[in-house]
Amino acid sequence: MRLLLFSDLHLDTQFAWVRPESARRRRHALRDVLLAILDLAEREHVDAVMCGGDLYEHDRFTPDTAQFLRSAFERLHPTPVLVAPGNHDWFSESSLYRRVSWSPNVRVFTEDRLRPYELTDGFTIWGGAHLAPANTDNFLQGFHVDRAGVNVALFHGSERMWFLEQGEGKVPHAAFDAVDIERSGLHHALLGHFHMPKEAELFTYPGNPDPLTFGEAGQRGTVLVEIDSDGRLIRTTHEVAKSQVHDISFDVTGCTSEQDVRDSLAERLRGLTGSVRVTLSGELGPDPSLNVGDLPSVAPHLDGVLVRVADIHVAYDFAQIEQEATVRGEFVRSVRGAHLDPDQERRILVTGLRALEGRSDLEVD
């Protein structure tokens, strides 16, 4: 059996951190990704396409999105398309899933417990749905397969150990333990929710197929899962992303003015496309008046530029200023004689010296 798994596409995502026209391009790219997944399904002659949830954003979907999905899935007929709604596209009276007259090949699971869909004799997919944006219980709690053959689950949920390994940034939904899969009699679970891909012995997370934000790591995409009659499987990830997202570090050390920073950053970003997050660090002289909020304008060719400050130090020569017979010198001598924590001392010195210069950019990172 050849199954093509994807999840967490998040059609109609807002992308509020980029310009409106760029956000529209990103949303169009997500649709192109789905079409690429379906094209791959045709080329690979799969037996079914599996969606592990969060296909779209419930609070933002449009009638146009509904019609797009209807026609996209219909073109695969008679190949089955199975959808297990997640916490962002939960199944309800108001969901997109209730507003579409789906072609016969589309099956949307509609219960918050696992229900069977027999792909062929001796091969069953057990799917479930979130019926609300939160508080969905463990789909595997109290569940056990009631038939022979190969049994595979499809749902949107959080494997607890993988959740802990990922750290912060994701809320657990329909949480379960990997051992629950084995206890239930299932051979494997095809899952959605985590955007970080994971291929474990008993479960598969494909990750989101197109980047939605910065800091996403791992080979994500759509996963071709080949399962034999004994439940053994081979997985192959196919990259289908249409968007590019970059994380870069930029050292401001040596820049002598704000324009110097802007010019150097523009050169650094010149060859990139898509969206970029820039992390600033380094040592900047006391003269530049750097407005971080203005820096994204150096790269108008990009869909979006997000600038954040990691660790920028101001290069005042405190020892030299301390020798001055000036108000500045007296201030530095007073602060350095207070025996403060080094980081606190630096912040006070930089803020005070900027204030004495009449500058308004007093905040120190």
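The values are calculated or read from the model by the stated rules, or taken from the named source; none is laboratory data. The structure presented is a predicted model; accordingly, all values stated were derived computationally and were not measured. Glycine gets a Cβ as well: all are built from the backbone with ideal geometry, and neighbour counts include every protein chain shown.
Computed quantities for the displayed model
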{"item": "Sole residue being farther than 30 Å from Glu44 by Cα, surrounded by 14 or more Cβ atoms within 10 Å (Cβ to Cβ) and at pLDDT 95 or above, chosen from Leu265, Leu284", "result": "Leu265"}
{"item": "Region 281-336, residues that are of a type in the set (Ser, Thr, Tyr) and free of Cβ contacts under 8 Å to residues at least 40 places away in the same chain", "result": "Ser281, Ser297, Tyr316, Thr326, Ser334"}
{"item": "Complete set of residues in region 236-245 that are buried (at least 16 other Cβ atoms within 10 Å of the Cβ), modelled with pLDDT of 95 or more and assigned to a strand (DSSP E or B)", "result": "Thr237, His238"}
{"item": "Checking Gly53 against (1) out of contact with any strand residue (DSSP E or B) (no Cβ under 7 Å at 6 or more places or on another chain); (2) assigned to a loop (DSSP other than H, G, I, E, B), the condition it does not meet", "result": "(1)"}
{"item": "Of residues in region 73-99 being of a type in the set (Val, Ile, Thr) and either modelled with pLDDT under 95 or buried (at least 18 other Cβ atoms within 10 Å of the Cβ) (or both), the one nearest to Leu11 (Cα to Cα)", "result": "Val83"}
{"item": "One residue from Leu30, Leu35 being surrounded by 17 or more Cβ atoms within 10 Å (Cβ to Cβ) and either more than 30 Å from Asp228 (Cα to Cα) or in contact with a helix residue (DSSP H, G or I) (Cβ under 9 Å, 6 or more places away or on another chain) (or both)", "result": "Leu30"}
{"item": "Region 311-350, subset within 22 Å of Pro288 (Cα to Cα), among the small types (Gly, Ala, Ser) and over 46 Å from the mean Cα position of the chain (by Cα), residue surrounded by the most Cβ atoms within 10 Å (Cβ to Cβ)", "result": "Gly329"}
{"item": "Selection within region 263-313 - of a type in the set (Val, Ile, Thr), outside any strand (DSSP E or B) and in contact with a strand residue (DSSP E or B) (Cβ under 6 Å, 6 or more places away or on another chain)", "result": "Val292"}
{"item": "Residue list for region 46-56, filter: within 24 Å of the chain's Cα centre (by Cα) and either more than 24 Å from Ala134 (Cα to Cα) or surrounded by fewer than 18 Cβ atoms within 10 Å (Cβ to Cβ) (or both)", "result": "Val49"}
{"item": "Filter result for Val108 (within 24 Å of Phe176 (Cβ to Cβ) and touching a helix residue (DSSP H, G or I) at 6+ places or on another chain (Cβ under 6 Å))", "result": "yes"}
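The rows are residues; the columns are (1) in a helix (DSSP H, G or I); (2) over 29 Å from His301 (Cα atoms).
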{"position": "Ala23", "(1), (2)": "yes, no"}
{"position": "Glu42", "(1), (2)": "yes, yes"}
{"position": "Val49", "(1), (2)": "no, yes"}
{"position": "Arg70", "(1), (2)": "yes, yes"}
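Residue-wise test of (1) free of Cβ contacts under 8 Å to residues at least 40 places away in the same chain; (2) closer than 30 Å to Val305 by Cα.
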{"site": "His144", "(1), (2)": "no, no"}
{"site": "Leu164", "(1), (2)": "yes, no"}
{"site": "Val171", "(1), (2)": "yes, yes"}
{"site": "Ala175", "(1), (2)": "yes, no"}
{"site": "His193", "(1), (2)": "no, yes"}
{"site": "Phe203", "(1), (2)": "no, no"}
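This table checks each residue for (1) assigned to a helix (DSSP H, G or I); (2) surrounded by fewer than 16 Cβ atoms within 10 Å (Cβ to Cβ); (3) out of contact with any Leu (no Cβ under 8 Å at 6 or more places or on another chain); (4) at positive phi.
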position: His130; (1), (2), (3), (4): no, no, yes, no
position: Leu164; (1), (2), (3), (4): yes, yes, yes, no
position: Ala174; (1), (2), (3), (4): no, no, yes, yes
position: Gly185; (1), (2), (3), (4): no, yes, yes, yes
position: His195; (1), (2), (3), (4): no, no, no, no
position: Glu201; (1), (2), (3), (4): no, yes, yes, no
position: Gly218; (1), (2), (3), (4): no, yes, yes, yes
position: Asp230; (1), (2), (3), (4): no, yes, yes, no
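Conditions tested, residue by residue: (1) farther than 19 Å from Leu82 by Cβ; (2) within 17 Å of the chain's Cα centre (by Cα); (3) at pLDDT 95 or above; (4) among the aliphatic types (A, V, I, L, M).
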site	(1), (2), (3), (4)
Leu164	yes, yes, no, yes
Lys170	yes, yes, no, no
Phe176	yes, no, yes, no
Leu202	yes, no, yes, yes
Gly215	yes, yes, no, no
